[in-house]
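Right, one structure below, let's go through it.
The values are calculated or read from the model by the stated rules, or taken from the named source; none is laboratory data. Remember, it's a predicted structure, so these values are computed and weren't measured experimentally. Don't worry about glycine lacking a Cβ; one is built from the backbone with ideal geometry, like all the others, and counts go over all protein chains shown.
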Amino acid sequence: MKIMITGGAGFIGSHLALRLLQEGQQVVLLDSFHPYYSKARKHNQLERVLKRDDVLFYECDILDKEKLEAIMLKEKADAVVHLAGLPGVQLSLIDPASYLDINVKGTGNVLACAGEAGVKHIVFGSSSSVYGEQAGVPLQEHMANGKVLSPYAASKFGAESLCYAYQYMYGFQLNILRFFTVYGPWGRPDMAIGGFLRKLQNGEEITIYGTGTGRDYTYIDDIVQGIWLTLQSRDSDVYNLGSSSPVLMKELLQELQQHFPDMRITYEASRKGDVTSTWADISKAKEKLGYEPNVSFQEGLRRTVMWAKEYAHLL
Ligand SMILES: NC(=O)c1ccc[n+]([C@@H]2O[C@H](COP(=O)([O-])OP(=O)(O)OC[C@H]3O[C@@H](n4cnc5c(N)ncnc54)[C@H](O)[C@@H]3O)[C@@H](O)[C@H]2O)c1
């Protein structure tokens, strides 16, 4: 199979590319090196993949529809995994227009160009944020109702809706995957674990916002496995990809303390836009894809801390 990954220089995209190559698939990557976080980090992530000489990379902004269409028409991929996007809740409160541009309009471009190029399967990387504030219950796919807390989440919910419109227009297989707080080596520096590790490595204090928060942290290898299973599936559907084992912030801090005994913490009020907690119901992905997360939080965090210590200069 020839698989194009948009956002291929990103955290999830670069891990996915390596896994697909291991599976013997042909991989085409596309990314604009958006400066949301360090471009140097994205180049490092991409380099890990490009070391393999059988990978093609295009530097392209998904908002440049003409260029995107020319690439899609040339490559004629069997499937597109669309991960390019502007992530992060907090920046979306300050600059919502960029989220609408990249995550909604950009997704529309990807869908239209893929449709014109005859792509048969689209996998869209959506987010648990589409569930809004529904704390304390396992979130099932039908529970997303558009009542979200941030422009980031709204842009993902809107993009999901566009996916259905283009599926209707072009008839491709559509899978929407809602990722739950992905972490691991090369994890995004703006997310809690990535940000904490950078500070802890530098001996700096970490900041916790709000109380009683928790996340369904999901190890990167489990997410990649879920995407690979989806690429092999034959039915259009929407799936949660999570671990279904929410971790409270205080539990995350206890785990981190094992690795950084001198850790210093400050507490601040909760921030607008952040939901209190998330908890994925993954029964549909288990049943229909055979998805089974198998990296425990303790083990995943241990591997991530080992990576952070080895790559401290790149954090
Ligand atoms: N990491 C998570 O926990 C998580 C959770 C839910 C959803 N997601 C979604 O999964 C996708 C991948 O997330 P990630 O954590 O790997 O983020 P990431 O920022 O590491 O990767 C996204 C990539 O998209 C690229 N990009 C941004 N704008 C672009 C544009 N206009 N044209 C082309 N490329 C562009 C960026 O340069 C980046 O390399 C995103 O859409 C994100 O919203 C991630």
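Exactly one residue among L231, L248, L241 is over 26 Å from M263 (Cβ atoms) and either out of contact with any helix residue (DSSP H, G or I) (no Cβ under 7 Å at 6 or more places or on another chain) or among the β-branched types (V, I, T) (or both), and that residue is L231.
Among the criteria (1) at pLDDT 95 or above; (2) out of contact with any Leu (no Cβ under 7 Å at 6 or more places or on another chain); (3) surrounded by fewer than 23 Cβ atoms within 10 Å (Cβ to Cβ), the one A159 does not fulfil is (3). Taking the options R41, R19, R48, name whichever one is surrounded by fewer than 16 Cβ atoms within 10 Å (Cβ to Cβ), in contact with a helix residue (DSSP H, G or I) (Cβ under 9 Å, 6 or more places away or on another chain) and touching a residue at least 24 places away in the same chain (Cβ under 8 Å). When all the criteria are applied, what remains is R48.
Residue count for the range 64-83, restricted to those that are within 18 Å of K2 (Cα to Cα) and not in a helix (DSSP H, G or I): 8. Y164 passes every criterion in (1) assigned to a helix (DSSP H, G or I); (2) in contact with a Ser or Thr (Cβ under 7 Å, 6 or more places away or on another chain); (3) without any contact (Cβ under 8 Å) to a residue 24 or more places away in the chain apart from (2). The residue that is nearest to the ligand (Cβ to nearest atom), counting only those in the range 136-157 that are in contact (Cβ under 8 Å) with a residue 40 or more places away in the chain and in a loop (DSSP other than H, G, I, E, B), is S150.
Taking the listed residues K284, K272, the one that is surrounded by fewer than 16 Cβ atoms within 10 Å (Cβ to Cβ) and either closer than 27 Å to I223 by Cα or in contact (Cβ under 8 Å) with a residue 60 or more places away in the chain (or both) is K272, with no other qualifying. Taking the range 292-308 as the range and being touching a Phe, Trp or Tyr at 6+ places or on another chain (Cβ under 9 Å) and either assigned to a helix (DSSP H, G or I) or over 13 Å from V224 (Cβ atoms) (or both) as the test, the residues that pass are S296, F297, E299, G300, L301, R303, T304, V305, W307. Selection of the range 112-135 for residues being over 22 Å from D274 (Cα atoms), within 12 Å of the ligand (Cβ to nearest atom) and of a type in the set (A, V, I, L, M) yields only V123.
Tally the residues that are near the ligand (Cβ under 6 Å from one of its atoms) and over 16 Å from the mean Cα position of the chain (by Cα), restricting the search to the range 1-31. So the count comes out to 0.
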